[in-house]
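The values are calculated or read from the model by the stated rules, or taken from the named source; none is laboratory data. Quantities reported herein were computed from a predicted structural model and do not represent experimental measurements. When we count neighbours, we look across all protein chains shown, and the Cβ atoms used for this are built from the backbone with ideal geometry, even at glycine.
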Amino acid sequence: MIDLLHTHTGIETNNIQTIITLIEEGNTIPFIARYRKEATWWATDEQLRLFEKHYMYQKNLAEKKETILASLLQKEVLTDELTQAIHNATTLAELDDIYRPFKDKKNTRATKALAKWLEPLATLLRKTQLSQKEFLQKAEEYIKDTWDIKTSVATAQEALQWAQDICAERCSDDAWFRSYLKQHADTHTTLTTKEWKEYDPQWVYTIYAAYTKPFHTIPSHAYLAIARAEKEKQLSVWLAFDELHAHKYIYTNILSWHPLVNKSIPENTSTEYLRDACLDALKRLIFPSLERELRSAKKERADEQAIQVFGQNIQELLLSPPVRWKTILWFDPAYRTWCKLAVINPQWAVLDYGVIYPTKPQEDTLKSEKFLLARIKTYKIDLIVIGNGTWSRESEVFIADMIQNNTLTCKYMIASEAWASVYSASELAQQEYPNLDVTIRWAVNIAQRIQDPLATYVKIDPKSLWVWQYQHDVDQNLLKDMLHKKIEDTVNRVWTDINTASPALLQHIAWLTKKTAENIVAHRTQAWIFTKRSDIKKVAWLGPKSFEQCAWFLRIHDSKDPLDRTGIHPESYKTTYEFLSKEFNIDKKNLTLPYVIQLKEPIETYAERYDIWEQTLLDICAELARPWLDPRESFDENQRKSHVLSLEDLTIWLAVQWIVRNIVDFGVFVDIWLKNDAFIHTSELADWYVSSPFSVVHIWQSVNAKVIKIDIERKRVSLSTKHSLKITRNPQSSDNATHAHTASRPAQKTPHKQNLQPTPHNDTSSHTMSSNITFS
């Protein structure tokens, strides 16, 4: 098992047993990745998740081997050869093939033949070569005219047919034959599609109609599309096998007395009966079974790859930078109805809400502006957030004019309204805001999402976060498991204030469950707040192991113990204070954070002196110097071209700075500030070959992309970042609100086209990223 885990994960064999021990002891992956770095040789949470996956697979494989060996021993069919084959099996599929002949089968043609006591005749057919006349004479010996139809055999021809059925199943159950055909089929099978009788010519996946391609070369996203088409009865799908190659194996191995393919079987011999049985096994049993196995394996691989992409998108979404310590006014634009407003303070409290009518048909801009100015002054609004829904551009003009005409200091930005309806109508939203209308809960959710995306997104079912095209076509259990792990890793990467975090956020902390999260909230409600980390032990159903696993991820800003405000684990408190006291004459009372430590000796000396791992000591020094560091980056949102109000405003070769909204295997979806996103195919991402879009871009990155195709009828836009690839990787900013737009009025729609110049093809000056990575 250790050798296989090393092969699959690349982790050194001397560290594998340590990781297995940590997992078996019940330690969570976030805890191991954060506090057992040297034991795992600095493995990341992604590497540990991969290790855990392969470890559980090998563990299940070992358990299944023991079960099969016990079953074969009980049936008294276990041989040394079988035992060795079972021990050498490296996959569950290989193990199934070995055990297949000994499984208790249901009502098959072969089992019916065995019930008629025709096993000896089948053995005679497989192991001898007689003339057809002699064999039929032997078959007459098995004619039985009994009252039970299950055991009676009427004629020699019927006995022959039943014997052939037994031989066909024996051929189908041959593990070596199936393994040989499966290996060959992996690279020599063709998938073909055909329009179903209910085929819709307007169907979105018309490119897969009348589609023929080698099965192993079909991309995962293409196979998922084909599988969906088959499910929706748009296409019929089948696999074409290399039958000639299978026939050759039969002739050269099963019919071993005829080793050459071009050598015909002697006529009028029983070998012809055996050949027919083997060909029947191929057509009726093996090929259909192989098709199911190959398609199932392909679907499983496609699911895993697609879910991995979905997980990366979710993680990028959860790590969206927050806008902290700002009072936000949410402006929900609308046409013909009222525009909804909500004021949210930095502590997420709803200060005020209401409606105004600045847009058509009322167009009551004076009263609307007066209403807004009063709220901005009263609540000292820092940021106005405008939804990107209907009439968003007109609302932006209204807000920009108001800010400019009244020389206000607040800024504004446009935010996506996606997924707000999922939360606002949920049971959780009703519990949190029972006195607010569903439309106001919508506004509150988006405003809070700007302040802290992570804490807001965890309240939404991950499967409802539509950041990937085929999320409803993949294995839902696998998807749910992966999403839980991705969210757990992401939430635990960012520290959480135990005195303000919601139950929805707390339940994703290492080792905590929904029940313990609710108990934490109930405890702090009754006892007011947690004053020190050790108070966590007082929470109902939260024992010593839970405290050990979750302690670092829960911080207390107002604790009397400075270390409670850092990521230093309580298990290291004693060593930390001993280190600070003896080396720097600092104790708990006079420790002020942040505190930068200047080491006078090599780190190994201190680690040996205080009996602590070097990496742990380095982490302690880092936490003391940056106790409130948030790994989420603040970034400047690109300066949007406000004149792009419709598809008609776009021109070929127009180059604009836009934001990556979503990433899939075959490309990138980009927010172009219209209803539909534009698309950049993988082949248009760079001047070099891009195997995965994730190697070039990330969600929320700013890309300088040119328009290369506009389809007005289908409302589709294609972009390219070739020749002018410039990607901004969330540069660090001292002002968390700097990604808001400045208060200048957007350009008007009419005159903009004459001022736009296409980006020249020979522009090679922008192949850089702000994170000092240069594309060469």
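Criterion first (more than 17 Å from TYR273 (Cβ to Cβ) and modelled with pLDDT of 90 or more) does ARG109 satisfy it? Here the answer is no, as ARG109 does not meet what is asked.
Would you check if LYS248 is assigned to a helix (DSSP H, G or I) and out of contact with any Pro (no Cβ under 7 Å at 6 or more places or on another chain)? Considered against the rule, which asks whether it is assigned to a helix (DSSP H, G or I) and out of contact with any Pro (no Cβ under 7 Å at 6 or more places or on another chain), LYS248 comes out as yes.
Where helices (runs of 4 or more DSSP H) fall entirely within the stretch 11-104, those with at least 2 residues that are surrounded by fewer than 16 Cβ atoms within 10 Å (Cβ to Cβ) are at 13-24, 45-74, 80-88, 92-99.
Here's the yes/no breakdown for (1) at pLDDT below 90; (2) in contact with a Pro (Cβ under 7 Å, 6 or more places away or on another chain); (3) more than 21 Å from ALA418 (Cα to Cα); (4) of a type in the set (A, V, I, L, M, F, W, C):
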site	(1), (2), (3), (4)
GLN347	yes, no, yes, no
GLU363	yes, no, yes, no
ASN388	yes, no, no, no
SER392	yes, yes, no, no
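Does at least one position in the stretch 387-406 carry a residue that is hydroxyl-bearing (Ser, Thr, Tyr), in contact with a strand residue (DSSP E or B) (Cβ under 8 Å, 6 or more places away or on another chain) and surrounded by fewer than 18 Cβ atoms within 10 Å (Cβ to Cβ)?
no
Scanning the stretch 186-204 for residues that are part of a helix (DSSP H, G or I) and over 21 Å from ALA85 (Cβ atoms) gives a single hit, THR187.
Here's the yes/no breakdown for (1) touching a helix residue (DSSP H, G or I) at 6+ places or on another chain (Cβ under 8 Å); (2) surrounded by 14 or more Cβ atoms within 10 Å (Cβ to Cβ); (3) at pLDDT 90 or above:
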site	(1), (2), (3)
TYR205	yes, yes, no
THR212	no, no, yes
ALA227	yes, yes, yes
ILE250	yes, yes, no
THR271	no, yes, no
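Quick check on my filter: what residues within the stretch 264-306 are polar (S, T, N, Q), part of a helix (DSSP H, G or I) and without any contact (Cβ under 8 Å) to a residue 12 or more places away in the chain? Within the stretch 264-306, just SER296 meets the criteria. Within the set LYS459, LYS532, LYS514, the sole residue that is without any contact (Cβ under 8 Å) to a residue 12 or more places away in the chain, out of contact with any His (no Cβ under 6 Å at 6 or more places or on another chain) and of a type outside the set (A, V, I, L, M, F, W, C) turns out to be LYS514. Residues that are over 45 Å from the mean Cα position of the chain (by Cα) and of a type in the set (Ser, Thr, Tyr) within the stretch 365-381 comprise just one, THR365.
Does ALA349 count as over 30 Å from ALA246 (Cβ atoms) and either without any contact (Cβ under 8 Å) to a residue 40 or more places away in the chain or not β-branched (Val, Ile, Thr) (or both)? Yes: the conditions hold for ALA349.
Out of the residues in the stretch 125-146 that are loosely packed, with under 15 Cβ neighbours inside 10 Å and charged (D, E, K, R), which is modelled with the lowest pLDDT? Once the filter is applied, the top-ranked residue is ASP145.
Closer than 30 Å to LEU95 by Cβ and not polar (S, T, N, Q): is that true of LEU125 in this structure? The answer is yes for LEU125.
Candidates THR616, THR605, THR576: the one that is surrounded by fewer than 17 Cβ atoms within 10 Å (Cβ to Cβ), part of a helix (DSSP H, G or I) and either modelled with pLDDT of 90 or more or among the small types (Gly, Ala, Ser) (or both) is THR605.
In summary, VAL494 fulfils each of the numbered conditions (1) touching a residue at least 60 places away in the same chain (Cβ under 8 Å); (2) of a type outside the set (Gly, Ala, Ser); (3) surrounded by 21 or more Cβ atoms within 10 Å (Cβ to Cβ) with the single exception of condition (3). Pairing each residue of the stretch 216-229 that is part of a helix (DSSP H, G or I) with any residue that is polar (S, T, N, Q) and at pLDDT below 90, provided the two are 6+ apart or on different chains, yields C-beta distances under 8 Å for SER220/GLN305; HIS221/GLN469. Of the helices (runs of 4 or more DSSP H) lying entirely inside the stretch 368-464, the ones with 2 or more residues being at negative phi, outside the structural domain of LYS514 (by TED's automatic domain parsing) and in contact with an Asp or Glu (Cβ under 7 Å, 6 or more places away or on another chain) are found at 438-451. Against the numbered list (1) surrounded by fewer than 19 Cβ atoms within 10 Å (Cβ to Cβ); (2) more than 34 Å from the chain's Cα centre (by Cα); (3) farther than 30 Å from ILE450 by Cα, GLN362 comes up short only at (3).
A quick yes/no check of all residues on (1) farther than 21 Å from THR327 by Cβ; (2) buried (at least 22 other Cβ atoms within 10 Å of the Cβ); (3) modelled with pLDDT of 90 or more:
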{"residue": "GLU427", "(1), (2), (3)": "yes, no, no"}
{"residue": "GLU432", "(1), (2), (3)": "no, no, no"}
{"residue": "GLN451", "(1), (2), (3)": "no, yes, no"}
{"residue": "SER464", "(1), (2), (3)": "yes, no, no"}
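Of the numbered criteria (1) modelled with pLDDT of 90 or more; (2) among the basic types (Lys, Arg); (3) out of contact with any Phe, Trp or Tyr (no Cβ under 9 Å at 6 or more places or on another chain), the one LYS194 fails is (3).
With respect to the conditions (1) touching a helix residue (DSSP H, G or I) at 6+ places or on another chain (Cβ under 8 Å); (2) under 26 Å from TYR573 (Cα atoms); (3) outside any helix (DSSP H, G or I); (4) not charged (D, E, K, R), ASN492 falls short on a single one, namely (3). Among the residues of the stretch 680-693, is any at pLDDT below 80 and either of a type outside the set (D, E, K, R) or farther than 30 Å from THR576 by Cα (or both)? No.
For (1) of a type in the set (A, V, I, L, M, F, W, C); (2) surrounded by fewer than 21 Cβ atoms within 10 Å (Cβ to Cβ); (3) touching a His at 6+ places or on another chain (Cβ under 6 Å), each residue gets a yes or a no:
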{"residue": "SER424", "(1), (2), (3)": "no, no, no"}
{"residue": "ASP437", "(1), (2), (3)": "no, yes, no"}
{"residue": "ILE440", "(1), (2), (3)": "yes, no, no"}
{"residue": "ASN445", "(1), (2), (3)": "no, no, no"}
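Filtered by the rule that a residue be touching a helix residue (DSSP H, G or I) at 6+ places or on another chain (Cβ under 7 Å) and among the hydrophobic types (A, V, I, L, M, F, W, C), the stretch 123-162 gives LEU124, LEU125, LEU130, PHE135, LEU136, ALA139, ILE143, VAL153, ALA156, ALA159, LEU160, TRP162. Here GLN129 meets the list (1) within 30 Å of HIS245 (Cβ to Cβ); (2) under 55 Å from the mean Cα position of the chain (by Cα); (3) not in a helix (DSSP H, G or I) almost entirely, failing just condition (2). Here GLU518 fits the description: modelled with pLDDT under 95, in a helix (DSSP H, G or I) and within 30 Å of the chain's Cα centre (by Cα).
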